[in-house]
1. Given axes a ≥ b ≥ c from the Cα gyration tensor, I'd like to know whether the stretch 63-112 is rounded (a/c under 1.5), prolate (a/b larger than b/c) or oblate.
2. Can you put Asp150, Asp132 in order, fewest other beta carbons within 10 Å first?
3. Sort Lys66, Lys139 so the one with the fewest other Cβ atoms within 10 Å of its own Cβ comes first.
4. Tell me, Thr182, Thr63, Thr156, Thr121 in order of fewest to most beta-carbon neighbours within 10 Å?
Amino acid sequence: MTRFVTAVLGCVLAIGSAAVTYAQEPATPLADAVAAHAADAAAEPQPATARPVAIEYSDAYYTRAKIHKYASFATLPLFATEVALGQSIYNDANAAASARRGAHIAVGTGITALFAVNTVTGAWNMWESRHDPSHHRAKLLHGILMMGADAGFVATFASGPGGRAGVTLDSEKQTHRTIALTSMGIATGSYLLMLFGNK
């Protein structure tokens, strides 16, 4: 009897000891992993967030930007006027020496002046803002397209009928018109890119 009681007490003590040991251990391997990850995260230093660099512009930058913006409002009206005048001369061979031709040349000179002003102010401001990442691609694309339009307007002037010795209205008017409309199309696309992009 004594041996039996001793054996039962031994079993109870063994089971009780195992239960206490089990209760002290984490319940699942998932709990172990979460606790270990939390400890590692707390021990690791957090990386410092890089602060954006402030870009400062000169007063002249803002003055050039205003000139560029307000002068550009004349772009589409000048183009429309020039196309209308040019088309009327294109359709009427007798208009070559008329007042329409003088008006066409005057408006073309206005377009040349406008693009000279906007090329200088735009290129200068583009250089000053070269370190500003804000809308950099759109500004770069605008600048490249406008430089291409500038080259097109030079070619338009050079191909103008009667602009050089031995060139007549009939022999060059198609080339002149094609170059002019292509240049205006490029410039209009570039202008609208910045206008609707509000850059």
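Nothing in this text is a laboratory measurement; each read-out follows from the coordinates by a stated rule. Small disclaimer: the values here were computed from a predicted structure and weren't measured. Cβ sites come from the backbone with ideal geometry, for glycine too, and all protein chains shown count toward neighbours.
1. prolate
2. Details: Asp150 18, Asp132 13.
Arranged by neighbour count, lowest to highest, Asp150, Asp132 become Asp132, Asp150.
3. Numbers: Lys66 11, Lys139 20.
Result, fewest neighbours first: Lys66, Lys139.
4. With the sparsest Cβ surroundings first, the list reads Thr63, Thr182, Thr121, Thr156.
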